[in-house]
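Input: a single structure, listed below in C-alpha cells.
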Amino acid sequence: MAGMEGYTRLPSRSKGQVVESKLGAEFLNQRVGYKGIFDLNELYKIIYDWLVSRGFQVHESKYKSVVMEGGGKERSFDWYAERKGTELVMVNMKIHFNLQDLQEIEVVKNGEKKKLVKGYLFIRITQDLEFDFSERYSYTKLHQTILKFMTEWMMQKKIETYWEDKARFKAYELANVIKESLDFMTKGNEHYDVW
C-alpha cells in the first residue's frame, strides 16, 4: 500500500493508543439492513474495491457460517480496514456483516442465469482513530506523556474537526455505496461529497 512501506508492528509491543473520543460512540455507527434478493458476491466486491481504492488495507478477522435446520444458512464475519493518515494517525474501519436465513436462488436477468441469495442482511460500520501506531511514543512514560499531551491539547481541535469528521463522512459514503448497490430508495445523503 502506498505510504506504508517499511511499516510493521513490533510483536513485542502492544498496539498504538486508541484514543477514546466521540467517534467510537454507538450513535455514530452506520447501519444498513436489508431483506430480499441480492448478489452477495457483487456486494463483497463493491465494498472491498471501495476500501482498497481509498488506500485501506482490508483483513477478515472473523468468519462463521452455520447451516440452519430449515435449510437456510447464517453467516457472520468481520472485516477490519486500516489506512495510514499521517505518521501519527491510523484510520480504522470495522465492518460487521450478519446474514440470516440465506437461500441460494437462480434468476434469469437479461437472458442469462445468475445465482443470487435471498435473506436478511445487516451491516454495521464502525470507525476509530489510532494514535502512535508505529509505537514511537510507547517506549517510556515520558514518551507516553508527550503523546497524551499532543493528542489532548496540541492536536485536539485538528483531531475533532478533521480526523473524526473525515472518518465519519467516509463511513457515510461507504453506507451510501452499499445502499446504491442494493438499490435502496433512500440512497444518497447530505454528507456524500464533503471529503
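The values are calculated or read from the model by the stated rules, or taken from the named source; none is laboratory data. Note that the structure is predicted; figures quoted are calculated from it, not measured. Cβ placement follows ideal geometry from the backbone for every residue including glycine, while neighbour counts extend to all protein chains displayed.
Pairing each residue of region 108-137 that is closer than 21 Å to residue 94 by Cα and basic (Lys, Arg) with any residue that is assigned to a strand (DSSP E or B) and at pLDDT 90 or above, provided the two are 6+ apart or on different chains, yields C-beta distances under 7 Å for 124/96. Just checking, which of 151, 161 is surrounded by fewer than 18 Cβ atoms within 10 Å (Cβ to Cβ) and modelled with pLDDT under 90? One residue alone meets the criteria, 161.
Which one is surrounded by the most Cβ atoms within 10 Å (Cβ to Cβ), of the residues in region 31-82 that are in a loop (DSSP other than H, G, I, E, B) and within 15 Å of the chain's Cα centre (by Cα)? Applying the filter and picking the extreme gives 56. Give the residues of region 83-116 that are assigned to a loop (DSSP other than H, G, I, E, B) and of a type in the set (Asp, Glu), sorted by residue number. Within region 83-116, just 87 meets the criteria. Residues being of a type in the set (Asp, Glu), free of Cβ contacts under 8 Å to residues at least 60 places away in the same chain and under 26 Å from residue 48 (Cα atoms) are entirely absent from region 63-71.
Close contacts from region 29-41, counting a first residue that is over 14 Å from residue 106 (Cα atoms) and a second that is of a type in the set (Lys, Arg) and assigned to a helix (DSSP H, G or I), with Cβ to Cβ under 7 Å and a gap of 6+ residues or different chains, come to 32/179.
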